[in-house]
Amino acid sequence: MIPARLKTGDEIRIIAPSRTIDAVGGFLANQSAFDKLLKMGFKPTFGEYVTGMTPDASNSISERVADSHAAFSGNTDSNWWIHFQ
């Protein structure tokens, strides 16, 4: 199976299956990547559990799995993109 190519207006869901965005500088440190996706015409959104910091710079396994399942199921009712506006 070969998926269709991404096209202008497609959503790109950003999840944190290993470490949260806080572990790599947070939203501000990643602003340029977000802006580049917008400039390319995509709609970047974030998983519900992309943030949060525990001692191991991660969230629980169940939260990370929930984000992965939501991203691939099309359940992307998220307004996390507002952090960059």
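The values are calculated or read from the model by the stated rules, or taken from the named source; none is laboratory data. Because the structure is predicted, anything quoted here is derived from the model rather than measured. Every residue, glycine as well, gets a Cβ built from its backbone with ideal geometry; the counts of neighbours run over all protein chains shown.
Structure notes:
- Of all residues making up segment 19-53, the number that are touching a helix residue (DSSP H, G or I) at 6+ places or on another chain (Cβ under 8 Å), assigned to a loop (DSSP other than H, G, I, E, B) and either under 16 Å from VAL65 (Cα atoms) or not polar (S, T, N, Q) (or both): 7
- For segment 9-18, taking the residues that are in a loop (DSSP other than H, G, I, E, B) and hydrophobic (A, V, I, L, M, F, W, C), the one that is modelled with the highest pLDDT is identified as ILE15.
- Residue within segment 65-82 that is at pLDDT 85 or above, more than 15 Å from ASP10 (Cα to Cα) and β-branched (Val, Ile, Thr) present: yes
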